[in-house]
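Student: Input: one structure, supplied below.
The values are calculated or read from the model by the stated rules, or taken from the named source; none is laboratory data. Predicted model only: the values in this text are computed from it and were never measured. Cβ sites come from the backbone with ideal geometry, for glycine too, and all protein chains shown count toward neighbours.
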Ligand SMILES: C[S@@+](CC[C@H](N)C(=O)[O-])C[C@H]1O[C@@H](n2cnc3c(N)ncnc32)[C@H](O)[C@@H]1O
C-alpha cells in the first residue's frame, strides 16, 4: 500500500505528460500503478511528492525513467519468431545475398533480446547484415549493450544456436548467459523516441516495431506506422507484435499471407 493521494487534475497532468512524451496512453485503471511508481521514484530521488512532481515536469530524462516504470519492457529471445523467421528466409533467398548487406531496424528493442534473436539467425546463415536497435528508455539500452541475460530468457533459443553464439556464466555470473562478441558487433544501440524523434536518412530492408503500439492510441499508431514506412526500402518488411494490428489505420503496407503480423512495403 502507498499513502500517495493523486487528485484528478494531478493524474490528468501526469497522463498528459506521459502521452506527449512517449505516445503511451494511460487509462484510469493505471491510477494505483502510477501511485506506487511515484512512491518508488520519490524514494529513489529522495524528494517529497510536490518536489517530485515539479522535478518530473522539468526533466525529460526523469519523464523517461518514469515512463519506464509504467510500461512493460518485457521481452525474451525468440519471442514471436514467426515473422522474424519469414524475414530471415526471404533474405536468404535474395538473389544478391552473397554481396548484399541487409539492414534492419528494431524500433522499441527493449533489453536487446529481439535484435540479438535476429542477429544469430542471420549469422547462422552466413549473411552479411547490420542491425540498428533503438528504444526510448536509457535503462533497457544499457542492459542491451551489456548483453548479459538470465538463463530463462533464452529458453526458446534452439540448442545449436545457444551453444554457438552464447557463453554460459560462472561464479558470480552463474545463471546468466552472455551474447558473444561476434554477434554483438552487428548490432548498434541508440536512444530513439518513436513519437518525437525523426528517423535518420537510412533505408532498411526490414523494420520491426513490436509490442509497443499496443500502448498507443489509433492516431499515434498511425503516425508511427507512416513514419516508419518512409524508412523501409520498396519490397521491405514491417513487423508488428502478434497482439497488434494495422486494421483501421490509414497506411500503405500490404499484408503477407500466412504471417498476420508482417507487412510488405
Ligand atoms: C514490451 S517492450 C517490446 C520489446 C520487443 N520489441 C519485443 O517485442 O519483445 C516495449 C518497449 O517499447 C519502448 N517504448 C515505449 N514507448 C516508446 C517510444 N515512444 N519510443 C520508443 N520506444 C518506446 C519501451 O521502453 C519498451 O522497451
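Student: Is there any pair with a first residue in region 67-90 that is within 25 Å of residue 151 (Cα to Cα) and in a helix (DSSP H, G or I) and a second that is modelled with pLDDT of 90 or more and near the ligand (Cβ under 6 Å from one of its atoms) whose Cβ atoms are under 7 Å apart and which are 6 or more apart or on different chains, and what are they?
Tutor: 68/137
Student: Next up: Would you mind finding the one in 26, 14 that is at pLDDT below 90, in a loop (DSSP other than H, G, I, E, B) and within 16 Å of the ligand (Cβ to nearest atom)?
Tutor: On the way: 14 fails: in a loop (DSSP other than H, G, I, E, B).
Criteria check complete, one pass: 26.
Student: Residue 6: in a helix (DSSP H, G or I) and either buried (at least 17 other Cβ atoms within 10 Å of the Cβ) or at pLDDT below 85 (or both), yes or no?
Tutor: Values: in a helix (DSSP H, G or I): no; either buried (at least 17 other Cβ atoms within 10 Å of the Cβ) or at pLDDT below 85 (or both): yes.
When the stated conditions are applied, residue 6 does not pass them.
Student: Okay, next question. Just need a number here: residues in region 37-66 that are over 24 Å from the mean Cα position of the chain (by Cα) and in a helix (DSSP H, G or I). Before the answer, list the steps.
Tutor: Of region 37-66, the ones over 24 Å from the mean Cα position of the chain (by Cα) are 39, 42-55, 57-58.
From what is left, the residues that are in a helix (DSSP H, G or I) are 39, 42-45, 49-55, 57.
So the count comes out to 13.
Student: Does region 189-201 include one or more residues that are surrounded by 20 or more Cβ atoms within 10 Å (Cβ to Cβ), out of contact with any helix residue (DSSP H, G or I) (no Cβ under 8 Å at 6 or more places or on another chain) and either within 30 Å of residue 94 (Cα to Cα) or in contact (Cβ under 8 Å) with a residue 24 or more places away in the chain (or both)? Talk me through it step by step, then tell me what you get.
Tutor: First, pick out the residues of region 189-201 that are surrounded by 20 or more Cβ atoms within 10 Å (Cβ to Cβ): 189, 192, 194.
Pick out the ones that are also out of contact with any helix residue (DSSP H, G or I) (no Cβ under 8 Å at 6 or more places or on another chain) and you get 192.
Right, trim to either within 30 Å of residue 94 (Cα to Cα) or in contact (Cβ under 8 Å) with a residue 24 or more places away in the chain (or both) and you get 192.
Within region 189-201, one or more residues are surrounded by 20 or more Cβ atoms within 10 Å (Cβ to Cβ), out of contact with any helix residue (DSSP H, G or I) (no Cβ under 8 Å at 6 or more places or on another chain) and either within 30 Å of residue 94 (Cα to Cα) or in contact (Cβ under 8 Å) with a residue 24 or more places away in the chain (or both).
Student: Anything in region 88-107 that is touching a strand residue (DSSP E or B) at 6+ places or on another chain (Cβ under 6 Å) and within 18 Å of residue 239 (Cα to Cα)? List them, or say none. Don't jump to the end; show me each part of the working.
Tutor: Here is the first cut: in region 88-107, the residues touching a strand residue (DSSP E or B) at 6+ places or on another chain (Cβ under 6 Å) are 91, 101-107.
Across region 88-107, the qualifying residues are 91, 102, 103, 104, 105, 106, 107.
Student: Another question, if that's okay. Among the residues of region 153-170, is there at least one that is over 23 Å from residue 242 (Cβ atoms) and surrounded by 18 or more Cβ atoms within 10 Å (Cβ to Cβ)? It would help to see each step written out before you state the result.
Tutor: Keep residues of region 153-170 that are over 23 Å from residue 242 (Cβ atoms), which gives 159-160, 162-170.
Applying the additional criterion that residues be surrounded by 18 or more Cβ atoms within 10 Å (Cβ to Cβ) yields 165-166.
Looking for residues that are over 23 Å from residue 242 (Cβ atoms) and surrounded by 18 or more Cβ atoms within 10 Å (Cβ to Cβ), one finds at least one in region 153-170, hence yes.
Student: Taking the condition of being modelled with pLDDT of 95 or more and more than 17 Å from the chain's Cα centre (by Cα), how many residues in region 187-201 meet it?
Tutor: Qualifying residue count for the region: 0.
Student: Got a number for residues in region 89-128 being under 19 Å from residue 264 (Cα atoms) and within 19 Å of the chain's Cα centre (by Cα)?
Tutor: 6
Student: Which of the numbered conditions does residue 46 fail, given that it passes all the others? Conditions: (1) in contact with a helix residue (DSSP H, G or I) (Cβ under 8 Å, 6 or more places away or on another chain); (2) away from the ligand (no atom under 16 Å from the Cβ).
Tutor: Of the numbered conditions (1) in contact with a helix residue (DSSP H, G or I) (Cβ under 8 Å, 6 or more places away or on another chain); (2) away from the ligand (no atom under 16 Å from the Cβ), the odd one out for residue 46 is (1).
Student: Quickly run through region 15-35 and pick out the residues that are within 15 Å of residue 72 (Cα to Cα) and surrounded by 14 or more Cβ atoms within 10 Å (Cβ to Cβ).
Tutor: Residues satisfying the conditions are 18, 22, 23, 24, 25, 26, 30, 34.
Student: Residue check, residue 117 against (1) in a helix (DSSP H, G or I); (2) in contact with a helix residue (DSSP H, G or I) (Cβ under 7 Å, 6 or more places away or on another chain); (3) more than 10 Å from the ligand (Cβ to nearest atom), all met but one. Which one?
Tutor: The number of the failed condition is (3).
Student: Among the numbered criteria (1) buried (at least 18 other Cβ atoms within 10 Å of the Cβ); (2) touching a strand residue (DSSP E or B) at 6+ places or on another chain (Cβ under 7 Å); (3) over 26 Å from residue 91 (Cα atoms), which single criterion is violated by residue 210?
Tutor: (3)
Student: Scan 35, 47 and give me the residue that is outside the structural domain of residue 220 (by TED's automatic domain parsing) and closer than 30 Å to residue 149 by Cα. First the steps, then the outcome.
Tutor: Numbers: 47 fails: closer than 30 Å to residue 149 by Cα.
Just one listed residue meets the conditions, 35.
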